[in-house]
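See below for the structure under consideration.
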Amino acid sequence: MVGALRIAIAEDSAILRDGLVQLLVDRGFAITGAVGDPAALRSSVAQNPPDVAVIDIRMPPTFTDEGLRLALELRARHEGLGILLFSQYIETRYAADLLADDAAGIGYLLKDRVADVSDFVEALERVAVGGTALDPEVVTQLLGATRRTDSLSVLTGREREVLGLMAEGRSNAAIANALVVSEGAVEKHVANIFAKLDLPVSEKDHRRVLAVLRFLES
Amino acid sequence: MTPEEPEDNGVRVRIRGRELSFAMTEQQADRARELAHTVLHEPFTKRVWSELAFFLLSAGLAGAGLSFVSFTMAAGLFLAITFFGLAVLALSLRSARGIGGFARGLARNMLDEVVEDPQPFAGRHGFLGWLQSCLRDRVAWRAVGYLAVKVPWSILGVLVAVSLWWDAFACLLHPLFGRNGGGPPVWGLARTFFPADDFGFGPTGFFENVAIFVLGAVFFFAAPWVMRGFVNVDRLLIRSLLGPDPTAARVRSLEQARTQTVDASAATLRRIERDLHDGTQAHLVALAMRLGMAKEKLEVDPEQVDLDRVRELVDAAHRGAKEAIAELRDIARGIHPPALDIGLEGALATLAARSAVPTELSVTMQARPTPAIEAIAYFCVAELLANVAQHAQASRASIFCTQQGSWLRLVVRDDGAGGAQLTTLGSSSSGLAGLSDRVHAVDGQLYLVSPPGGPTVVTVDLPLSS
């Protein structure tokens, strides 16, 4: 990696904002801006473009979905900017809006995930290089809400686990690591899943995510 | 009687050559003068003539309206055996509603008697639904009732009050027509004093003419008051029969109160969620984050552990945990104050003791209100004391909590700057207006007296049980 990853943070809770800055600096990231509202982030990103913007969904002035709207706006304006939405609740609806056309460079995580620092940092790095990081909670909700239960019932238990991790945006290596199996075994599972669900095979992880999500949503 | 210059606070009156003097206090004399002034001026005020005009117009309207409505109703009932009859009946009721509205408009424009419009007609879907709504329209039936009472009352009014006016003029004008009579006919009260042949005075002499003129003058000054009596009864009829249906009004006010309660509880839940989200949850996330960082630092080679940094992180986490606990306690207290478990008096004592402004408390209660009322009373006092601390610049405050029959009265008073208003005090969601909504929801009342310069006194009346 050339130089430290550059991160901008928009989070209205000062405690959390300071904590995040501390954590990221500690892990060797460069902070381009740490602000408390959408307007401030907008100007910070324009002046000093980061690799990833970490954005709280609920921010002033209305404390509803400012962060989400800001994320969509920034993505449209700054190509290649990674977005990590950061929230205390997971709304499947938000995930759908966010992933409407592309899953590259998108993350959507529960704030709780910062407690596992390595996982969080790994997700952030993944988003920075154009990958996807969806919270397991998002995937659980999508799996719970899907009407494709018939199709899913043909998967084995292990294949379902792999499907979930794939939907979170993890690479084969990361899945192998999480399930403590060889990468080859994961590749076999993935191939089985794609065959059973009749999904288009794609090399890129983020396209794979999108394919799985489309399947679950349809 | 000719009142003379008052001297020695008395009034001297000369009647048939004998001088009488009345001892009158200044106040009584003033009142007598005021009364004389009112009586002498009354016939020349606009109000008198609008009342007369209103009475005549509304009598005509009611007469025509009742004739129409009763005719169409009779026709409708007669034809009720067919479907057509019901439709006629429905139309008749719809017109009764319209006539009622017209009478209300007359009263509004001519008497300044503003009666709130009743609930608008809400026809249900389809012809049958419309028919049913018409036939069950309480407002229309009440308008029919109004017409039925108003018509006899108008007849009596014409016989007494209108004829008094008529006679007043007939008598005043009589002397103009000379000795041979022939003036305007009299047909009211005047005839009982001066038996006249067939609606007119016969030839009269000088003294009779004077007497008739004087009688006319008396009638002239008396007529406005008689007319006013009739019109006042009419106002009463309009208010009670053409205004909003009291049952419906009660239902509406209950609906309003319910909406307010639901809104208030939704607002409360939202506030609690916000407090938890922004406060406690953020604290806990930060806490977990610090502990996570510390854990990672401890996971490296024991030789290389940066103990100082770990200690720092654990220290910050520890502080954060304590802050989270304190915040959680405040939030929980905002949901249900634990102090209330020991009773309102104890809870209010805690509030008074915690108040930023020195606060006196006096509680005299015989019965214990229901928990809901106790909670409302508690939150009222909490909010009011917070307002005192924030806005009033007061040096002292006092709380009185007394039982008055089946009511609980809370009075919160401060010696601050005053000038408080229901809308400006406190924040919009939890301010005084919000309190007032909460109090209204249980049929209570909140009064605010806060002249500029103070003191501010807020009185809250709550039923002991809601």
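All of the numbers you see were taken from the coordinates with simple rules; none came from a lab. As the structure is a computational prediction, the values presented were derived from the model and not from experiment. We place every Cβ from the backbone using ideal geometry, glycine too, and count neighbours over all the protein chains shown.
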Check: From the backbone phi of the range A:205-218, what are the Karplus-calculated ³J(HN,Hα) couplings (6.51 cos²θ - 1.76 cosθ + 1.60, θ = phi - 60°) in whole Hz, Gly and Pro given as x?
Finding: 4, 6, 6, 4, 4, 4, 4, 5, 5, 4, 4, 5, 7, 6
Check: Using Cα pairs under 8 angstrom and six or more residues apart, how large is the relative contact order of the range B:342-463, in percent?
Finding: 24
Notebook entry, point to check: Using the alpha-carbon atoms, what tilt in degrees (0 to 90, nearest 10) does helix A:38-47 show relative to the longest principal axis of chain A?
Noted result: 90
Check: Across the residues of B:272-284, average count of Cβ atoms on other protein chains within 10 Å?
Finding: 3
Next item on the list: Output the pairs from A:Lys188/B:Lys297; B:Lys297/B:Lys322; A:Lys111/A:Lys196; A:Lys111/A:Lys188; B:Lys46/B:Lys150 with a Cα-Cα distance over 28 Å in this structure; if there are none, say none.
Entry: A:Lys188/B:Lys297; A:Lys111/A:Lys196; A:Lys111/A:Lys188
Notebook entry, point to check: Sorted by mean Cβ packing within 10 Å, highest first, what order do the peptides B:160-170, A:40-50, B:331-341 take?
Noted result: B:160-170, A:40-50, B:331-341
Next item on the list: With a/c under 1.5 counting as rounded, go ahead and sort the range A:6-135 into rounded, prolate or oblate using the C-alpha gyration tensor (a ≥ b ≥ c being the square roots of the eigenvalues; past the cut-off, prolate if a/b is larger than b/c, else oblate).
Entry: rounded
Check: Counting partner chain Cβ atoms within 10 Å of every residue's Cβ in A:19-26, what's the average?
Finding: 4
Note to self: Could you compute the net charge surrounding B:Gly346? Neighbours are other residues with a C-beta less than 15 Å from the C-beta of B:Gly346; K and R count +1, D and E count -1.
What the structure shows: 0
Check: Under DSSP H, which helices of chain B have Cα atoms covering 20 Å or more of the helix axis and a Kyte-Doolittle average no less than 0.5?
Finding: B:46-78, B:83-111, B:138-157, B:206-237, B:371-387
Item checked: Between helix A:157-168 and chain A: long-axis angle, C-alpha atoms, 0 to 90°, nearest 10 -> 30
Notebook entry, point to check: Check A:Gly131: other-chain or 5+ apart residues with amide H under 5 Å from its amide H, H built from backbone geometry?
Noted result: A:Gly105
Margin query: Could you list B:Thr456, A:Thr149 so that the one with the fewest beta carbons within 10 Å of its beta carbon is first and the one with the most is last?
Written below: A:Thr149, B:Thr456
Notebook entry, point to check: Considering only the protein assembly as shown, what is the antiparallel percent among its DSSP beta bridges, to the nearest 5?
Noted result: 50
Next item on the list: Give the peptides A:59-72, B:273-286 in descending order of average Cβ contacts within 10 Å, highest first.
Entry: B:273-286, A:59-72
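Let me have the relative contact order for chain B, percent, based on Cα pairs under 8 Å that are six or more residues apart. Don't skip to the end; give the middle numbers.
On the way: 603 pairs, mean separation 43.8, N = 466.
About 9 percent, as a whole number.
Please give the average number of partner chain Cβ atoms lying within 10 Å of the Cβ of each residue in A:10-18, rounded to a whole number. Before the final figure, lay out the partial values.
Working: counts 0, 1, 2, 8, 2, 13, 7, 2, 2.
Per residue, the number of nearby Cβ atoms from other chains is 4 on average.
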Notebook entry, point to check: Which shape class, rounded, prolate or oblate, goes with the range B:48-242 when its Cα gyration tensor gives a ≥ b ≥ c as root eigenvalues, a/c under 1.5 marks rounded, and past that a/b bigger than b/c marks prolate?
Noted result: prolate
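What FRET efficiency would be calculated for the residue pair B:Arg368, B:Thr459, taking the C-beta separation as r and a Förster radius of 25 Å, to the nearest 0.05?
Values: r = 21 Å, r/R0 = 0.83.
Calculated transfer efficiency: 0.75.
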Next item on the list: With everything on Cα atoms, drop me the angle between helix A:14-26 and the longest principal axis of chain A, reported from 0 to 90° to the nearest 10.
Entry: 70
Notebook entry, point to check: the range A:110-218: which trypsin sites (Lys or Arg not before Pro) are DSSP loop and have at most 10 other beta-carbon atoms within 10 angstrom?
Noted result: A:Arg147
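In deg cm²/dmol, rounded to 500, what helix-only [θ] at 222 nm does chain A give when every DSSP H run of at least 4 residues adds -39500 (n - 2.57) and the total is split over its residues?
Values: 11 runs with 116 residues, N = 218.
Helices in chain A give a 222 nm mean residue ellipticity of -16000 deg cm²/dmol.
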Check: Percentage of Cα-Cα pair distances in the range B:342-463 greater than 25 Å, rounded to whole percent?
Finding: 15
Checklist line | Net charge of Cβ neighbours under 15 Å - reference A:Asp116; Lys, Arg +1; Asp, Glu -1 | finding: -2
